[in-house]
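The values are calculated or read from the model by the stated rules, or taken from the named source; none is laboratory data. Please read these numbers as outputs of a predicted model, since none were measured by experiment. Quick reminder, even Gly has a Cβ in these numbers, built from the backbone with ideal geometry, and neighbours come from all protein chains shown. These area figures cover heavy atoms from the full protein model, side chains too; ligands, DNA and RNA do not enter into them. Shrake-Rupley method; radii C 1.70, N 1.55, O 1.52, S 1.80 Å.
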Amino acid sequence: MAGSHTDTHCPYCGLQCALRLESDGTELAVTPRDFPTNRGGLCRKGWTSAELLTSPHRLTEPLVRQADGALGAASWEEALDTVGRQFRTIRAEQGADRIGVFGSGGLTNEKVYQLGKFARAAVGTSRIDYNGRFCMAAAAAATTRAFGLDRGLPFPLEDLDNADSIMLLGSNVATTMPPFLKHLRRAQASGGLIVCDPRRSATAQLTDEGNGIHLQSAPHTDIALLLGLTHIVFAEKLADVEYLESRTTGAAALRRSVAAWWPERVQHLTGVPASQLRDTARRLAGGRSYILTGRGVEQHTDGTDTVTAAINLALALGLPGRTGSGYGTITGQGNGQGGREHGQKCDQLPGCRSIDDPAARRHIAGEWGIEPDKLPGKGVPAAEILRHLGRAEGVSALMVNGSNPAISGPNASAIRDGLKRLDFLIVCDFFLSETAAFADVVLPVSQWAEEEGTMTSLEGRIIRRRRARPAPSGVRSELWVLRELAARINPAVHFDDDPERVFAELSRASVGAPADYSGLDYSVLEHEEPAYWPYPAGSTGTPRLFLDSFSHADGRAHIRTVVASPPPPSSGPLLITGRLLEHYQSGAQTRRVTELLASAPEAQAEIHPELAEKHGVAEGDQIVITNEHGRMRATAHVTPNVRIDTIFVPFHFPSDQSVNLVTSDATDPLSGMPEFKSAHVSISRLSGTQ
Ligand code: SF4
């Protein structure tokens, strides 16, 4: 295509595949670029991402709720004044903590930083959190506890290329981020691909080729499985004793804690044959090995402990903190990594600083020009904000940026009721999402190829997002929106709307912090040289963490023993939620891309043939899935690829096809992660269907 082009990255997931956006003046086209994460590949979402920019569904003017109850067009002045007036009134009459801010792992680092500053320095509320709480919270808590630092992959993704064995726990990268598979090929070819998943997912099926291992464990048995594998490592003298002595604390307790988890007992609980367990442990001990976790094992009320059990297995084998082996978690959202570093988590200030740390508070307050005691303290995690919307103990006003909790939040019918109860809801988005439909004010903002910014990929590498075209007339950047709102709420605090200057401020704010970006600016990132944090001034970044020491004060990895709780009594099949190749998160974007919607237009429930027969359900039937939280509708897809005691439903769909209508908002007490994968349900065929 002749014309102009811009080299940037895909707007969707954490792999941040590199692409070129070409324009001939009328049409836009995407072509893949070579980059270490995607090696010239793109998935279907990336190939079609340009359609987001020209979508007829695009919001191009502010909307304000009118006297007749409908959303109507308004000027920017009117919309911003309405928000400013409402926030000032609610803060004065009810207190700043009655105003909540709900961010996203899809926002650029600059927006994340500015959103946290807006909440704490302009509004003065502690009630800020984000949808990454639903993705990365358990792994973040476990890695911080074990290693003293939270970076999803503490090594470049390319390191996997030379692995002999890779164990994926609860991750289906073949569907969610297909170019990732390029990094599994060597391990797969040499019989070292090990996938733990109750489904025979697309990734699990790859173990058929190359003599890999699929551990198809029963629901609620992930910790038992990991304790069993660690037992074998010690029992068969596969543990790296010298490593445990020199680089960890707590190894003796770990050995004792797994003593009773012999393989036959684990087989009884998990359904995984003891021979497979032994084979797995031996393969992991036999060469360059990696253990990687995903949402399948993390989205539970014991998610942090499950990840801890995986880390303990890795530590027993001596994998973390060495070149050629390791533990990591696979970040899902586009900026799921940077999104949890720069101040939209309820307990953190920019740079992954603890909000309870007096020195961190002084540093950030100094950067923002306020007194440290004016900085609010720790807030509450996302599910708790959403649980109490509009109630006395919760927020009465909420601002949502780049998130769609009416679809992606747990126990979604309760969230929708809460959104209706609010005194005031403002949503910044580029489409009228299901959450925005409840709003009093909707502000149309620019999207990926209309703005400059930075994203931090799943490997902790900071990359530039490039502006390829102007936003439609009437649309503004979120940085501009935050500046304008801050001017109406607390004009004493300076807010910039230039992404490069905001990044410079973010970099200063991160000096000396765990996620230190202070050696980076836009010119350093100009030519896509590798830039892994921590990247202090004067350094060239840190592609591989922990090679000399872990980030705890004593330099060691801290082993915490965990226990496996007995599975809860079963009352119907276990519902597992997840993603499709065609859609991203709540589907607010990908359901508006013609090809993606045509390919995956509705929620399908994967049901085992025996379970389907028991309920009189045939392929293509409409079924109703119910439990104490609500009910949803799906089309039955009868397949042996799910266990007889589980059903799988993707979470991208709206209205009565939203699977989060039947998920629970119970959370992991250590991380605030909701248990998306623990709901028991009843199924029945919808009468009237063929
Ligand atoms: Fe790559 Fe993810 Fe975009 Fe697909 S959605 S092209 S895997 S970044």
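Worth a mention:
- Accessible surface of region 326-433, 1.4 Å probe, proportion on carbon and sulfur as whole %: 46
- Taking packing as the residue-averaged number of other Cβ atoms within 10 angstrom, the listed peptides 116-122, 508-514 run from highest to lowest as 116-122, 508-514.
- Over region 74-143, the reciprocal of the mean inverse Cα-Cα separation, the Kirkwood hydrodynamic radius, stands at 13.6 Å.
- Beta bridges per DSSP, both residues in the chain: antiparallel share near 50 percent.
- Inter-part distance where region 212-284 and region 649-668 are each reduced to a Cα centre, Å: 33
- Proximity of backbone amide H atoms, modeled 1.01 Å from N, is registered between residue 550 and 556, 557 at under 5 Å, excluding neighbours fewer than 5 places apart on the same chain.
- Rounded to the nearest whole Hz, the Karplus-based 3J(HN,Hα) values (6.51 cos²θ - 1.76 cosθ + 1.60, θ = phi - 60°) of region 521-536 follow the sequence 8, 4, 5, 5, 8, 4, 10, 6, 5, x, 9, 9, 7, x, 10, x, with x at glycine and proline.
- Share of carbon and sulfur in the accessible heavy-atom surface of region 633-690 [1.4 Å probe, %]: 54
- Eligible lysines near residue 378 by straight Cα distance, threshold 29 Å, same-chain separation 8 or greater: 111, 117, 345, 420, 677
- Per residue accessible area of region 623-673, 1.4 Å probe, in Å²: 31
- Taking amide H atoms as placed 1.01 Å from N in the peptide plane, the amide H of residue 465 lies under 5 Å from those of 453, 454, 455, each 5 or more residues away in sequence or on another chain.
- Convex hull volume per residue, computed on the Cα atoms of region 634-688, equals 120 Å³.
- Global geometry of region 474-572, whether rounded, prolate or oblate, following the gyration tensor of its Cα atoms and the 1.5 cut on a/c: oblate
- Per the Debye formula on identical point scatterers at the alpha carbon atoms of region 100-215, with no solvent, log10 I(q)/I(0) at q = 0.09 Å⁻¹ is -0.37.
- Over the C-alpha trace of region 136-278, radius of gyration and Dmax come out as 15.9, 41 angstrom.
- With q set to 0.21 Å⁻¹, the log10 of I(q)/I(0) for region 25-128, from the Debye formula over equal scatterers at the Cα positions, is -1.18.
- Value of Rg to Rh for region 250-292 (Rh from inverse mean 1/r over Cα pairs, i.e. Kirkwood): 1.02
- Relative intensity, log₁₀ I(q)/I(0), of the chain from a Debye sum that treats every alpha carbon as a point, q = 0.12 Å⁻¹: -1.37
- For the peptides 240-249, 161-170, 350-359, residues were scored by their other Cβ atoms within 10 Å and the scores averaged per peptide; the highest-first order is 161-170, 350-359, 240-249.
- Portion, in percent, of the accessible area of region 199-262 that falls on carbon or sulfur, probe 1.4 Å: 51
- Loop-located trypsin sites (Lys or Arg not before Pro) in region 379-416, at most 14 other Cβ atoms within 10 Å (DSSP): 391
- Whole-Hz couplings from phi, Karplus 6.51/-1.76/1.60, listed for region 576-591; x for Gly and Pro: 10, 9, x, 10, 9, 4, 7, 10, 10, 6, 6, x, 4, 8, 6, 6
- Looking at region 490-596, the GluC sites (Glu not before Pro) that sit in a DSSP loop and have at most 12 other Cβ atoms within 10 Å of their own Cβ are 526.
- In loop segments of region 546-589 as defined by DSSP, there are no trypsin sites (Lys or Arg not before Pro) with at most 13 further C-beta atoms inside 10 Å of their C-beta.
- Per-residue HN-Hα couplings for region 349-354 [Karplus 6.51, -1.76, 1.60; θ = phi - 60°; Hz; x = Gly/Pro]: 9, x, x, 6, 7, 6
- Gyration tensor verdict on region 549-646 (Cα atoms; rounded if a/c is under 1.5, prolate if a/b is larger than b/c, oblate otherwise): oblate
- Cα centroids of region 328-385 and region 393-409: 18 Å apart.
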